[in-house]
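Undergrad: So that we are looking at the same thing, I have put the structure below in structure tokens.
The values are calculated or read from the model by the stated rules, or taken from the named source; none is laboratory data. Since we're looking at a predicted model, the values are computed, not measured. Please note: Cβ atoms are built from the backbone with ideal geometry, for glycine as well, and neighbour counts cover all protein chains shown.
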Amino acid sequence: MERTQAYFLRTQHEEGYWWGELESNPTMEAEYIMLTHFMGSDEGDRIPRVAEDIRRRQSTDGSWRMYYGAPGDLSTSIECYFALKLAGDSPEAPHMVRAREFILANGGVPKARVFTKIWLALFGQWDWKGTPTMPPDMLLLPRWAPFNIYRFASWARATIVPMTVILTLHPTRPPRESAWVMELYPDGPVNFILSRWRAKPFSLRGGFLALDKAVRFYRRLPFVPGRGKALKAAVEWITSHQEADGSWAGIQPPWAYSLIALSALGFSLEHPVIAKGLDGFRGRWSLPSEDGRSLRVQACLSPVWDTCLAMRGLLDSGLPAEHPALQRAASWLIRKEIRQKGDWAVFRPQLEPSGWAFEFDNVHYPDIDDTSIIVADLACVSMRHESEQRARTAAIGRAVNWLTGMQCSNGGWAAFDWNNDSRQLAKIPFADFGELLDPPSVDVTAHVLEMYGRLGYPREHRAISRGLAFIWEQQEHDGPWFGRWGVNYIYGTAAVLPALESLGVDMGQPRVRRAVEWLLARQNPDGGWGETCASYVNPSLRGQGESTPSQTSWALVALIAAGEARHDAVGRGVDFLLERQQADGTWDEPQFTGCGFPGYGPGDRPDNIEPGNGADGQGPELGAAFMINYHLYRNYFPLWALGRYEQEMLRRQ
């Protein structure tokens with residue numbers, strides 16, 4: 001623990017935060033190359049370095065994948081192949097031949113997801129007729145309307161607004177002919193037009209397809225009433241939502257699409273919004289490799305999340321509450337509290353603004369998960385001066401009130417929004433990637449409940465009793481809980497059990513013991529725990545996978561909370577961590593144990609998932625999902641587990 005504490009103390013940034021890489025998949029780099037090519041921006045030596053990162057991440061079968069150890073993904077591979085051609089790679093180069101063979105063997109461009117086809121259409125490599133319709137008139141709908149943009153999740157909303165512009169104007173900027181990708185059509189360019197979406201005629205999806213046809217006909221009219229007003233509303237929404245670092249919503253997709261939409265509307269490279277947006281990618285969003293020859297573009301930045309989780313590890317492992325490192329971190333977080341109303345206020349206007357976002361700059365979307373953990377951290381830190389103590393107390397009070405007001409009608413908490421669960425919206429043709437909604441999840445709800453418990457709130461508190469009811473309703477028949485934002489059932493279960501313990505729930509009751517027995521049965525022979533990302537589409541893989549430091553730590557934290565600190569399985573799990581710690585106090589973990597989107601569409605887990613096919617046709621490649629390797633998970637979660645283990649063993653002596 002001292003070695004890992006020392007690691008965090010020497011890697012803390014001067015301002016007080018911790019921040020590690022958020023590794024995702026190479027579509028980030030591919031889409032950056034496509035974006036800058038479409039915009040016509042001069043990126044100097046950046047494009048060759050980004051292209052080099054794509055080459056380094058290619059699998060031996062020629063594909064690119066969505067997470068470590070995954071099978072190759074068709075759409076990701078198409079985007080990487082096209083990006084490399086834009087960067088100047090010859091289609092006859094060995095790595096391009098391998099990529100092309102994989103793509104053609106898996107159906108080629110016609111089988112790609114909608115977003116990939118939209119990217120290709122921007123360059124004339126796919127017909128716009130083969131993309132969905134989504135008119136900007138959506139922005140003029142009243143708040144109560146089903147297709148009002150605030151009915152979609154925050155991340156989807158920020159993407160949909162610029163996409164309405166793109167899918168209306170159909171901007172096309174063909175590259176040089178040598179960069180075309182007609183060779184990725186198995187039957188040649190004769191089948192260039194889309195094989196249309198299919199659905200049962202009287203199904204909800206069938207209704208959306210009929211609406212899609214009607215909108216297409218409407219759009220072809222010589223005069224479309226209100227179109228200018230709608231486009232103006234879209235521009236106003238986009239420009240007003242740009243963050244201080246040039247991003248939109250603190251994530252890559254709406255950032256890229258917003259720049260494309262504005263460019264299609266005639267915004268020049270010199271326009272302040274465009275210049276700020278492009279320049280933002282060139283800063284800390286880009287990570288050079290150790291040798292400097294490649295460059296990676298992150299999908300998101302996680303300093304607030306990393307900071308609050310690192311603080312929790314340091315506190316749990318015995319670092320004094322008045323330690324200067326904790327005080328600096330607390331001061332930085334207090335300064336980062338969001339004191340203006342964001343999109344959440346559309347449906348919760350009565351709440352005083354508070355909360356923390358995930359990133360450095362994101363005032364529109366405070367994160368309920370981050371906020372709950374930050375509040376619990378701040379409650380434990382002793383500040384240096386009375387003025388700082390007052391600021392800390394005030395921030396905690398505002399945040400708790402905001403969190404309480406964001407509880408959804410079913411008793412749970414979502415990540416960003418309130419009652420964002422209109423499942424019908426996920427049936428639109430647009431929805432073949434990620435999630436369109438932000439319904440309550442067990443893991444976020446559990447973190448909020450643990451916060452209440454750490455603050456001393458009684459179980460009889462209305463928000464807590466409703467939250468506990470939601471937790472119990474979501475428990476699986478054999479004991480664990482689904483993990484929405486971490487992989488997967490180990491993560492969900494590790495969020496719930498400490499929350500129950502903090503609230504004084506009887507940890508000997510049958511419902512808790514089922515969860516304990518489930519975890520014990522999933523321990524690997526090496527003493528660790530692991531779970532593959534593929535468990536999101538194949539329930540038979542729940543709790544199964546090669547052992548990782550982060551997932552082992554989650555299992556240990558859960559078992560310790562359930563009173564099992566002296567169980568032999570816990571001792572073997574601790575040994576797993578101790579034996580694999582490196583000399584500098586860190587651990588190695590190439591596996592992806594974070595989840596952005598499981599790829600279910602609605603945002604919550606389907607009632608039935610067919611193994612091998614998965615939700616909406618996903619297989620273990622998770623082509624509709626977005627998985628994450630948080631590079632600090634491997635370090636602060638073991639510190640949580642070891643610290644709590646030592647506390648419990650000392651307490652029981």
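Undergrad: Restricting attention to region 415-427, does a residue exist that is assigned to a loop (DSSP other than H, G, I, E, B), out of contact with any Phe, Trp or Tyr (no Cβ under 8 Å at 6 or more places or on another chain), at pLDDT below 95 and over 17 Å from Gly355 (Cα atoms)?
TA: Narrowing region 415-427 to residues assigned to a loop (DSSP other than H, G, I, E, B): 415-419, 421-422.
Within this subset, residues satisfying the condition of being out of contact with any Phe, Trp or Tyr (no Cβ under 8 Å at 6 or more places or on another chain) are 421-422.
From what's left, at pLDDT below 95: 421-422.
When the remaining residues are screened for being over 17 Å from Gly355 (Cα atoms), the result is 421-422.
Yes, the conditions are met somewhere in region 415-427.
Undergrad: If you go through region 534-549 one residue at a time, do you hit one that is buried (at least 24 other Cβ atoms within 10 Å of the Cβ), of a type in the set (S, T, N, Q) and touching a helix residue (DSSP H, G or I) at 6+ places or on another chain (Cβ under 6 Å)?
TA: So far as region 534-549 goes, no, none of its residues is buried (at least 24 other Cβ atoms within 10 Å of the Cβ), of a type in the set (S, T, N, Q) and touching a helix residue (DSSP H, G or I) at 6+ places or on another chain (Cβ under 6 Å).
Undergrad: What pairs come up if the first residue lies in region 29-44 and is farther than 14 Å from Ile260 by Cβ, the second is outside any helix (DSSP H, G or I) and modelled with pLDDT of 95 or more, and their beta carbons are under 6 Å apart, counting only those six or more places apart or on different chains?
TA: Close Cβ pairs (under 6 Å, with a partner that is outside any helix (DSSP H, G or I) and modelled with pLDDT of 95 or more) amount to Glu29/Val297.
Undergrad: Taking region 127-175 as the region of interest, how many residues are of a type outside the set (A, V, I, L, M), part of a loop (DSSP other than H, G, I, E, B) and surrounded by 24 or more Cβ atoms within 10 Å (Cβ to Cβ)? Show your work before the answer.
TA: As a first pass, look at region 127-175 and keep what is of a type outside the set (A, V, I, L, M): 127-133, 135-137, 142-144, 146-148, 150-152, 154-155, 157, 159, 162, 164, 168, 170-175.
From what is left, the residues that are part of a loop (DSSP other than H, G, I, E, B) are 127, 131-133, 135, 142-144, 146-148, 152, 170-175.
From what's left, surrounded by 24 or more Cβ atoms within 10 Å (Cβ to Cβ): 152.
Final tally of qualifying residues: 1.
Undergrad: Hey, among the residues in region 382-421 that are among the small types (Gly, Ala, Ser) and touching a Pro at 6+ places or on another chain (Cβ under 7 Å), which one's nearest to Arg328 (Cα to Cα)?
TA: Initially, region 382-421 is screened for residues among the small types (Gly, Ala, Ser), giving 382, 387, 391, 394-395, 397, 399, 405, 409, 411-412, 414-415.
Next, only the ones that are touching a Pro at 6+ places or on another chain (Cβ under 7 Å) stay: 412, 414.
Numbers: Gly412: 32, Ala414: 29 Å.
For region 382-421, the residue satisfying everything is Ala414.
Undergrad: Look at Glu31 and say whether it is part of a helix (DSSP H, G or I), modelled with pLDDT of 95 or more and either closer than 29 Å to Asp306 by Cα or of a type in the set (Ser, Thr, Tyr) (or both). First the steps, then the outcome.
TA: On the way: part of a helix (DSSP H, G or I): yes; modelled with pLDDT of 95 or more: yes; either closer than 29 Å to Asp306 by Cα or of a type in the set (Ser, Thr, Tyr) (or both): yes.
Considered against the rule, which asks whether it is part of a helix (DSSP H, G or I), modelled with pLDDT of 95 or more and either closer than 29 Å to Asp306 by Cα or of a type in the set (Ser, Thr, Tyr) (or both), Glu31 comes out as yes.
Undergrad: Does Glu359 meet the test of being of a type in the set (Asp, Glu), outside any helix (DSSP H, G or I) and touching a Lys or Arg at 6+ places or on another chain (Cβ under 9 Å)? It would help to see each step written out before you state the result.
TA: On the way: of a type in the set (Asp, Glu): yes; outside any helix (DSSP H, G or I): yes; touching a Lys or Arg at 6+ places or on another chain (Cβ under 9 Å): no.
No, not satisfied.
Undergrad: List the pairs whose first member sits in region 174-196 and is modelled with pLDDT under 50, whose second member is of a type in the set (Gly, Ala, Ser), and whose Cβ atoms are under 9 Å apart, counting only residues at least 6 apart or on separate chains?
TA: Phe192/Gly130; Ile193/Gly130; Leu194/Gly130; Ser195/Gly130; Arg196/Gly130
Undergrad: Please find, within region 265-313, the residue that is nearest to Pro171 (Cα to Cα) out of those that are within 23 Å of the chain's Cα centre (by Cα), assigned to a helix (DSSP H, G or I) and among the small types (Gly, Ala, Ser).
TA: Ranking the qualifying residues of region 265-313, first place goes to Gly277.
Undergrad: Something else about it: Filter region 58-73 down to the residues that are part of a loop (DSSP other than H, G, I, E, B) and not polar (S, T, N, Q), then identify the one that is farthest from Asn538 (Cα to Cα). Show your work before the answer.
TA: The first filter runs over region 58-73 and keeps only residues part of a loop (DSSP other than H, G, I, E, B), leaving 58-63, 66-71.
Right, trim to not polar (S, T, N, Q) and you get 61-62, 66-71.
Numbers: Asp61: 23, Gly62: 25, Met66: 16, Tyr67: 16, Tyr68: 17, Gly69: 15, Ala70: 13, Pro71: 14 Å.
Here the answer is Gly62.
Undergrad: Just to be sure I understand, how many residues within region 108-126 are at pLDDT 95 or above and either more than 23 Å from Gln618 (Cβ to Cβ) or surrounded by fewer than 18 Cβ atoms within 10 Å (Cβ to Cβ) (or both)?
TA: Of the residues in that region, 5 qualify.
Undergrad: Let me ask another. Among the listed residues Gly479, Gly492, which satisfies the condition of being touching a Phe, Trp or Tyr at 6+ places or on another chain (Cβ under 9 Å) and within 17 Å of Gly412 (Cα to Cα)? Step through it out loud before you land on a result.
TA: Values: Gly479 fails: within 17 Å of Gly412 (Cα to Cα).
After ruling out the rest, the residue left standing is Gly492.
Undergrad: Quick one: what pairs do we get from region 568-587, first residue farther than 14 Å from Leu639 by Cβ and in contact (Cβ under 8 Å) with a residue 40 or more places away in the chain, second surrounded by 19 or more Cβ atoms within 10 Å (Cβ to Cβ) and aliphatic (A, V, I, L, M), C-beta under 8 Å, 6+ apart or different chains?
TA: Ala569/Leu559; Val570/Leu556; Val570/Leu559; Val570/Ile560; Gly573/Ala555; Gly573/Leu556; Gly573/Leu559; Gly573/Ala641
Undergrad: Only one of these is crowded, with 21+ Cβ neighbours inside 10 Å, among the basic types (Lys, Arg) and at pLDDT 95 or above: Arg484, Arg390, Arg462, Arg454. Name it. Steps first, please.
TA: Details: Arg390 fails: crowded, with 21+ Cβ neighbours inside 10 Å; Arg462 fails: crowded, with 21+ Cβ neighbours inside 10 Å; Arg454 fails: crowded, with 21+ Cβ neighbours inside 10 Å.
It is Arg484.
Undergrad: So Ala561 fits all but one of (1) of a type outside the set (Ser, Thr, Tyr); (2) farther than 16 Å from Glu501 by Cβ; (3) over 21 Å from the mean Cα position of the chain (by Cα); what number is the exception?
TA: Among (1) of a type outside the set (Ser, Thr, Tyr); (2) farther than 16 Å from Glu501 by Cβ; (3) over 21 Å from the mean Cα position of the chain (by Cα), the lone unmet condition for Ala561 is (2).
Undergrad: Here is a further query. Quick check on region 229-264: of everything there that is over 21 Å from the mean Cα position of the chain (by Cα) and polar (S, T, N, Q), which residue is farthest from Ile149 (Cα to Cα)?
TA: Among residues in region 229-264 that are over 21 Å from the mean Cα position of the chain (by Cα) and polar (S, T, N, Q), the one farthest from Ile149 (Cα to Cα) is Ser263.
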